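Worksheet: one structure, shown below.
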């Protein structure tokens, strides 16, 4: 009987620990999602900066040495 009581006691403490951890995680999720606080200002001030990056690309050749693709400069994607 003593052994069963110890098992129940351990199970109770494990259950209590899981409940406490779940509650802490839920509170933290609430703080992040519902009440962003300082993060909201940082998100609103976030801006994107455009930079042009030149892509160095090479030609692709077939086995016999003929080019399969050629590089053609393009000035507009639209």
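The values are calculated or read from the model by the stated rules, or taken from the named source; none is laboratory data. Keep in mind that this is a model prediction, so the values were computed, not measured. Because the Cβ atoms are built from the backbone with ideal geometry, glycine has one as well, and the counts that use them run over all protein chains shown.
Overview of results
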| read-out | value |
| --- | --- |
| Selection from the stretch 55-66 of residues that are assigned to a loop (DSSP other than H, G, I, E, B) and either surrounded by 10 or more Cβ atoms within 10 Å (Cβ to Cβ) or at pLDDT 80 or above (or both) | 59, 62, 63, 64, 65, 66 |
| Criterion: exposed (fewer than 10 other Cβ atoms within 10 Å of the Cβ), assigned to a helix (DSSP H, G or I), without any contact (Cβ under 8 Å) to a residue 24 or more places away in the chain and out of contact with any strand residue (DSSP E or B) (no Cβ under 6 Å at 6 or more places or on another chain) - qualifying residue of 32, 43 | 43 |
